[in-house]
Ligand SMILES: [Ca+2]
Ligand SMILES: [Ca+2]
Ligand SMILES: [Ca+2]
């Protein structure tokens with residue numbers, strides 16, 4: 001319908017972004033902001049910690065101050081970062097299946113044993129033939145989703161002990177929902193969260209006439225030696241029920257223990273709806289695959305209520321503390337057990353997402369068994385949150401603490417008490433008071449701006465963006481560029497103004513003023529040739545995209561991710 005010759009698309013901010021890349025949850029993965037991540041609190045700054053890019057980092061853990069281990073999803077390498085320098089040689093390189101959400105996924109470092117032994121726990125989808133990616137390239141089934149204990153000795157991870165061996169073979173031939181995060185609990189046991197691995201439908205997924213639970217779809221708990229934890233029986237005393245701490249979990253990329261109460265909290269991923277934050281008590285049943293999100297909404301459209309779930313032992317259902325109707329691709333969860341960012345943030349919960357690259361802050365109530373919204377700390381319309389549901393991306397606003405990180409895969413608190421944020425785009429950032437920032441740099445941590453330390457790809461993006469920004473400014477000054485704003489999910493009011501009427505040769509610059517990524521894509525969602533005329537791909541919050549229209553005509557457009565968002569350009 002439209003030829004590309006009709007358009008001069010002079011600004012493509014995110015050339016490294018691809019909407020056909022389905023890895024990590026088939027999620028839209030927010031690119032790193034060309035100007036670097038920022039936080040709202042002007043007393044805090046974001047610094048880049050790592051000098052050198054990591055390959056799709058998934059999790060991090062501290063060995064000590066400025067000494068960090070980071071897992072790489074697709075290579076199976078555990079990289080070490082000392083004083084900001086990514087060391088050339090990995091401390092371990094395992095063979096992983098790495099399709100979609102498979103790979104080297106989780107890491108936890110235990111407190112030193114009395115004899116000086118340092119245990120490091122790793123979770124990964126082990127390759128079926130000792131080669132990385134053979135599940136993709138040669139269709140080799142993975143060996144399993146496995147939890148290992150290693151010892152950290154002389155800069156190497158050695159003496160692996162297999163603690164948990166779960167199937168990684170999905171019924172649907174895909175590689176999603178392997179979970180993978182690991183935490184050491186206040187009881188010194190090892191907690192491991194795993195999804196239902198490509199839609200297994202056992203009783204642990206609340207399918208009453210399904211097979212017996214197989215260890216998937218829950219939080220599992222073992223001792224540091226891989227033994228069953230003795231004491232109160234939660235779901236049952238026979239294998240594998242005696243491994244489960246919680247079940248009915250579809251998939252997760254984040255969990256942490258509240259440093260005040262010791263309660264476990266998690267993030268859970270819904271399908272096309274119903275991301276969640278949950279308080280995970282022993283016996284928690286999250287409801288999948290009969291319930292996702294708030295049960296009263298019946299988002300899965302199956303008419304199921306909590307009474308229809310499968311309960312073992314002390315199992316019981318609880319509603320999420322908050323749920324998102326439109327998924328954000330919720331990922332990491334970490335409590336800031338430090339006052340180093342200011343007392344007002346101490347013990348607050350920080351959460352990341354992969355779709356938008358946003359960092360969220362949640363505050364708990366006084367009893368710390370629920371989230372608190374009406375606390376005077378959150379800005380914005382909190383009355384919209386009384387229903388415990390983010391019905392519209394605008395409702396995220398009170399929680400948004402920082403942005404521009406690119407898809408976030410992990411969050412940790414360092415021995416320095418600062419908040420560390422890992423981006424799938426390959427860098428680790430940390431948030432600290434601006435007054436301490438220069439001090440940090442003199443102590444050897446890399447604190448240069450992105451422009452001087454970024455990898456090649458990042459630099460390319462930045463050049464494009466700064467060129468384009470100049471372009472946009474100069475055109476704006478000459479009256480040739482027409483500003484437009486992307487507001488969010490408001491159907492034909494999503495883009496403003498709408499329609500936009502311009503003359504031939506004029507340029508429109510869309511600014512994404514929403515809190516999630518959107519696109520400007522030619523056509524409508526059900527058109528066969530949608531996107532062939534023009535396609536911005538993801539425009540992340542606070543970024544711009546411009547198109548010059550050379551020929552007269554009417555050009556409908558929409559958001560690829562949210563097809564109900566529609567607009568029109570009329571070129572006279
Ligand atoms: Ca490897
Ligand atoms: Ca749930
Ligand atoms: Ca709401």
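Just so it is clear, none of the values below were taken in a lab; they were calculated from the coordinates. None of the values given here were measured: they were computed from a predicted structure. Ideal geometry is used to build each Cβ from the backbone, glycine not excepted, and the neighbour counts take in all protein chains shown.
In segment 297-328, whose amide N lies under 17 Å from the spot 7 Å out along Cα-to-Cβ of residue 199? List them in ranges.
Taking a point 7 Å out along Cα→Cβ of residue 199, the residues of segment 297-328 whose backbone N falls under 17 Å are 300-302.
Along Cα→Cβ, 7 Å out, is where each label goes; now give me the distance between the ones at residue 492 and residue 85 in nm to one decimal.
With each label point 7 Å from Cα toward Cβ, the separation is 6.2 nm.
Quick one: order 379, 72, 131 by neighbouring beta-carbon count within 10 Å, fewest to most.
The order, fewest Cβ neighbours first, is 379, 131, 72.
Using 0.36 nm per residue of separation minus the Cα-Cα distance, give me the extension gain between residue 136 and residue 112 in nm, one decimal.
Length difference between fully extended and current span is 4.8 nm.
Nearest 10 degrees, 0 to 90: what angle lies between the long axis of helix 456-477 and the longest principal axis of the chain (Cα atoms)?
30 degrees
For a quick protection proxy, order the peptides 158-170, 256-268 by their average other-Cβ count within 10 Å, most packed first.
256-268, 158-170
Let me have the 222 nm mean residue ellipticity of the chain computed from DSSP H runs of 4+ only, each contributing -39500 (n - 2.57), with the sum over all residues rounded to the nearest 500.
After summing the helix terms and dividing by residue count, I get -2000 deg cm²/dmol.
Roughly how far apart, in whole Å, are the Cα centres of segment 376-405 and segment 515-548?
For segment 376-405 versus segment 515-548, the Cα centre distance is 25 Å.
Just grab the label-to-label distance for residue 156 and residue 93, each label 7 Å out from Cα along the Cβ direction, in nm (one decimal).
Spacing of the two 7 Å Cα→Cβ label points: 1.4 nm.
To make sure I understand, if each residue's beta carbon is the centre and we count other beta carbons within 10 Å, what order do 389, 47 fall in, fewest to most?
389, 47
Report the relative contact order of the chain, percent, no decimals, based on alpha-carbon pairs under 8 angstrom and at least 6 residues apart.
RCO, the chain: 15 percent.
How far, in nm, would the chain grow between residue 167 and residue 524 when pulled straight, counting 0.36 nm per residue and subtracting the alpha carbon separation?
Taking 0.36 nm per residue and subtracting the Cα distance, the gain is 124.4 nm.
Using label points projected 7 Å from each Cα along Cα→Cβ, tell me how many nm separate residue 207 and residue 308, to one decimal.
Each label point lies 7 Å from its Cα, and together they span 1.5 nm.
Which order results if 570, 354, 508, 547 are arranged by neighbouring Cβ count within 10 Å, fewest first?
570, 508, 547, 354
Per 0.36 nm of contour for each residue apart, how much would the distance between residue 572 and residue 550 grow if the chain were fully extended, relative to their Cα-Cα spacing?
My answer for the length gained is 6.9 nm.
What FRET efficiency do you get for residue 392 and residue 232 if R0 is 41 Å and r is their Cβ-Cβ distance, rounded to the nearest 0.05?
0.45
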